[in-house]
Amino acid sequence: MGYVAVRGGSKAVENAEKLVEYFRIKGESSLLDIEAVKDQFRLGIDKIMSEGSLYDRDLAAAALKQSEGDKIEASFLLRAFRATKPRAYYSTIEKTNEMRILRRISAAFKDVPGGQILGPTRDYTTRLIDYKLFNEDREAVNKFKEEFLEEINNKSEDELESRPEFPKVIDLLKEEGLLIHNDEKKKQIKPDTDITRDGLDFPASRSAALQVMARGETGGMITLAYSTMRGYGNIHPVLGELRVGYLPLKINHPEKDEEVVLGEVLVTEAEVISQEFSDNEDQDMPVFTVGYGICFGHNEEKAIAMAVLDRSMAADSSDAPAEDQEFVLSHIDGIEAAGFTAHWKLPHYVTFQSVLDRIRKSQAEGRVKDE
Amino acid sequence: MSISVFDNNKMIKYSQNIFNTMLYNMSRPGEVGSIKPYPSENEFNLEVQSTLGIAYTLLDTEVSFYSTKSFTEKFDDYIEIITTSKRTELKNADYIFMSTDDNPELILEAKKGNLNYPERGASVIIRGIEFDKNNKNISLSGPGIKDEIHLPLKNKYNKLLLTIKKINSEYPLGIDFFLHNKDSLTCIARTSDILIGGDK
Amino acid sequence: MNKNFGEEKKFNFGFLDENSKREIRRKLLKAAALPGYQVPFASRELPIARGWGTGGLQITMSIIGEDDIIKVIDQGSDDVVNAVNLRNLIARTTGVETTLKTEEATIIQTRHRIPEKNMTSDQILVLQVPYPEPLRRVEPSEEISRQMHAEKDYSLAWLDLYERVVKWGEITIGSQYPVMVNGRYIMSPSPIPRWDIPKLNNADTLYLFGAGREKRIYAVPPYTDVKPLEFEDYHFRVENFDGKRCLFCGSTDSYLDEGYDSESGEKYYVCSDSAYCRERIKNDEEL
């Protein structure tokens, strides 16, 4: 009898862990410095912080290194870490007008007060692999840095001092009366729930929906937003404004009556203006509404997708998947989706046995009937 | 602010112990379990300290509480400090602290949950309970109880029990009860059928 | 960098912070008072992936104390890699004793099986649940299924069973067979085989169910009515192992796993509950 009881589960797990470690370091390359991961995988780190729902670059860098570049695995590490931390405070509500801008553009207008600030973006680059990266030269890099900084510092005092004001494009439209808030609920600015504490009910409040999306997986959200742009839905979005910059993190002092600034967080914020075609006969004007998206770090596609989904979920109909709030919010959490997708690898033989029993019985009875 | 700075190892053990008793007894209404007073120097008597222990084990900033005039302002302040839960009116409170000196009909004002979310019904913690294991006059039956159990309380809580019956008459709506003194605890779940002296 | 990553981070007892435990504890007490009703909870992430037992684990971590003795099984076995993993995590973050013997454990966390041996009132069984909502297969929307439970409107569930009988001559549900609890709520017993369902009814032990990804906790207290849905003329039936016995201990009255010998390719049967099987072998040897 060749059968051996499936003992040695522990040994197998141990060996699997050793193999993972071996695969990570078996190459002859130099071991990655956490600082290097942090600096040179900036956007990867930002994605992980956003989807892990924890703003900590060092931990995100460690997670990215530990997971060998698997973004969802890394976000998972952050989320698990997050679960061990008690909730200390809730930050106060920030007006994003105060953002320390790195990048700010609007597709709705050719020019906007404060200007179109491109900031660090690859949007206009041609996607050609840069072969210089195979043999990056430290000296050349230093030289570039030096020259670039000199260029900036050579600007006149005035140019350096003057930082333009960046009023929100949405506010400009509001002033002109072009933005009509049909829905009272959208005016609400106080969050009414904390999804990490209260869980998620359906229909979810807008606050709950935004919270779920803020930590949602970028790919999943892009897929759903894309579906709505392509025709599975009625959203015709225009990017009113996209901002990337630093927001102050403030709390109310637990004892004194004042605000305390704890630091800054880098966020990406998108406001999408959507033209709604109302069936309402009283409406002889098309109505503009706003979809809002924001996330940790520099992640433009996610913020835009979030804003589009914010709009699509608020739509009157829910024929299209992206318009079905329960469908969207139940399926965009990367840790949940990936975890459950992976769980099929767990043994299911007891349940399978039960199904086999049923089917065999049905078939046996079917045969008896035929005879 | 919602960190409980009071969660050290001793307190972690303490709250796990109390919770263990509460879970065991809410799953088995009518049985009696043991609890210990909140292990801290304060001005409250031992029985109130047991109420504090229950509060400390369950409450935090996500839930609210109400205490009757059987408790002092200082008690409410203390709860707010050790749990960061906030006091509120009876009709909104998730956790209600009472004693056997209070008019039981107060409970009729408390939350019973709704059909979609029956668990939102309040939990009522009543101190001052006197046990008597020889009293066979009160029977409980229902989930958690093998056929029937005698609720081992002194024969002086008829009004309370009738009020509980009344408020739990529309299952799954209802309220769940923890009855205790300084070292003993028993539970009446909303699923429990109460039979007093042979009359239902 | 001012963080010392070389240090082993010290976990809170039971990994979860105390406020997370408080929420779960509050919900567990409500679950015990509402047998079979799924109580929503916030559900924390754990170092184990969603779908791999985080719900069960959160319950275990919220109830466990330093004097508890933990057993973890998956498909009935302690030795399966996932059970080993979970047991290690629990032991690492609590320091409690672990056991492979059903009767020694005070808490048993399980995936998809109830131990063959009767559990006592000093024990708690924590079941891992992937799909807490028994109505999900007939109603994809949470909003609507919640309404159905609220109104005790289970016509769609019954219709599903009826349609299966009409189509296949059988209630063709393998595991996760829906049950009616305390005459009020239809509940999913988790993907345990039908074999295990009778153990839920009028038991000595408390059953706790955790669905981490779906964020639901529910309970079946001891001595509670748990009845599988069935028709007068089409009854609930457990799996049939007639003519089969365990290759190791010879048992003919336990749930058997089917397998194919990795060398000869021959089919064989073995007790799913590894502790039960080991004990039988030991008793045999002692005789």
**OP:** Give the distance, in whole Å, between the Cα centre of the range B:4-42 and the Cα centre of the range C:263-283.
**Re:** 42
**OP:** Estimate the FRET efficiency between A:Glu68 and B:Asn45 by the formula 1/(1 + (r/R0)^6), using the beta-carbon distance for r and 56 Å for R0, to the nearest 0.05.
**Re:** 0.40
Original post:
What number, rounded to the nearest 500 deg cm²/dmol, is the helix-based mean residue ellipticity at 222 nm of chain C, given -39500 (n - 2.57) per DSSP H run of at least four residues and division by all its residues?
Top reply: -8500 deg cm²/dmol
Original post:
Who wins for biggest fluctuation among A:Val355, A:Val261, A:Val238 in a Gaussian network model of chain A, springs between alpha carbons below 10 Å?
Top reply: A:Val355
Original post:
Looking only at A:Gly263, A:Gly240, A:Gly291, which one moves most when chain A is put into a Gaussian network model with springs between Cα atoms under 10 Å?
Top reply: A:Gly263
**OP:** Would you work out if the protein assembly as shown is rounded, prolate or oblate? Take a ≥ b ≥ c from the square roots of the eigenvalues of the alpha-carbon gyration tensor; rounded if a/c is under 1.5, else prolate when a/b is larger than b/c, oblate otherwise.
**Re:** prolate
Original post:
Using unit Cβ charges (K, R positive; D, E negative) and no other charged atoms, how large, in debye to the nearest 20, is the dipole of the protein assembly as shown about its Cα centre?
Top reply: 1940
**OP:** Rounded to the nearest 10 degrees, what's the angle between the helix A:218-230 long axis and the longest principal axis of chain A, both from Cα atoms, 0 to 90?
**Re:** 70
Original post:
Based on DSSP H assignment, which helices of chain B show an axial Cα extent of at least 24 Å together with a mean Kyte-Doolittle hydropathy greater than or equal to 0.0?
Top reply: none
Subject >> Calculated SAXS-style log₁₀ I(q)/I(0) at q = 0.13 Å⁻¹ - the range B:55-200, Debye, Cα scatterers >> reply: -0.57
Subject >> Per-selection metrics, the range C:240-287 (Cα): Rg and Dmax in Å >> reply: 11.2, 33
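Tell me, what is the Rg over Rh of the range C:18-228, with Rh the Kirkwood radius over Cα pairs?
0.96
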Subject >> Equivalent-ellipsoid semi-axes of the range A:16-83, from the Cα gyration tensor, Å, largest first >> reply: 21, 15, 8
Original post:
To the nearest 0.05, how large is the calculated FRET efficiency for C:Glu163 and A:Asn252 if R₀ is 41 Å and r is the Cβ-Cβ distance?
Top reply: 0.10
**OP:** Evaluate the charge dipole of the range A:16-83 about its Cα centre and quote only its size in Debye, nearest 20, assuming +1 on the Cβ of each Lys and Arg and -1 on the Cβ of each Asp and Glu.
**Re:** 160
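Rounded to two decimals, what is the ratio between the C-alpha radius of gyration of chain A and 2.2 N^0.38 Å?
Ratio of Cα Rg to 2.2 N^0.38 Å: 1.24.
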Subject >> Cα centroid separation, the range B:60-114 to the range C:103-176 (Å) >> reply: 36
Original post:
Counting Lys and Arg as +1 and Asp and Glu as -1, what is the net charge of the other residues whose Cβ lies under 13 Å from the Cβ of C:Gln123?
Top reply: -1
Original post:
Between C:Ser121 and C:Asn240, what is the label-to-label distance in nm when each label sits 7 Å out along the Cα-to-Cβ direction?
Top reply: 3.9
Subject >> Cα-centre dipole for the range C:18-228 with unit charges at Cβ (Lys and Arg positive, Asp and Glu negative), debye to 20 >> reply: 400
**OP:** Give the order of A:His253, B:His180 when sorted by the count of other beta carbons within 10 angstrom, beginning with the fewest.
**Re:** A:His253, B:His180
Original post:
If you line up the long axis of helix A:334-343 against the longest principal axis of chain A, both from Cα atoms, how many degrees apart are they, to the nearest 10?
Top reply: 10
**OP:** Identify which of A:Glu176, A:Glu264, A:Glu323 has the largest mean-square fluctuation in a Gaussian network model of chain A, with springs joining Cα atoms closer than 10 Å.
**Re:** A:Glu176
Original post:
Once the Cβ-Cβ distance between A:Ile25 and A:Asp130 is put in as r, and R0 is 35 Å, what FRET efficiency do you end up with, to the nearest 0.05?
Top reply: 0.85
Subject >> Burial ordering of B:Tyr14, B:Tyr171, fewest other beta-carbon atoms within 10 Å first >> reply: B:Tyr171, B:Tyr14
Original post:
To the nearest 500 deg cm²/dmol, what mean residue ellipticity at 222 nm is calculated for chain A from DSSP H runs of n ≥ 4 alone, each contributing -39,500 (n - 2.57), summed and divided by the residues?
Top reply: -13500 deg cm²/dmol
Original post:
Taking the Cβ of B:Leu153 as the center, what net charge do the other residues with Cβ under 12 Å away carry, scoring Lys and Arg +1 and Asp and Glu -1?
Top reply: +2
Subject >> Cα long-axis angle, helix A:138-153 against chain A (0 to 90 degrees, to the nearest 10) >> reply: 40
**OP:** Can you put A:Glu159, C:Glu143, C:Glu18 in order of Cβ neighbours within 10 angstrom, beginning with the fewest?
**Re:** A:Glu159, C:Glu143, C:Glu18
Subject >> Where labels lie 7 Å past Cα in the beta-carbon direction, separation of C:Thr252 and A:Thr341 in nm >> reply: 4.8
Original post:
What whole number of Å gives the distance from the Cα centroid of the range A:247-267 to the Cα centroid of the range C:204-255?
Top reply: 53
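Values quoted throughout were computed directly from the atomic coordinates according to the rules given, and no laboratory measurement underlies them. The model shown is predicted, which means the values in this text are computed figures rather than measured ones. Because the Cβ atoms are built from the backbone with ideal geometry, glycine has one as well, and the counts that use them run over all protein chains shown.
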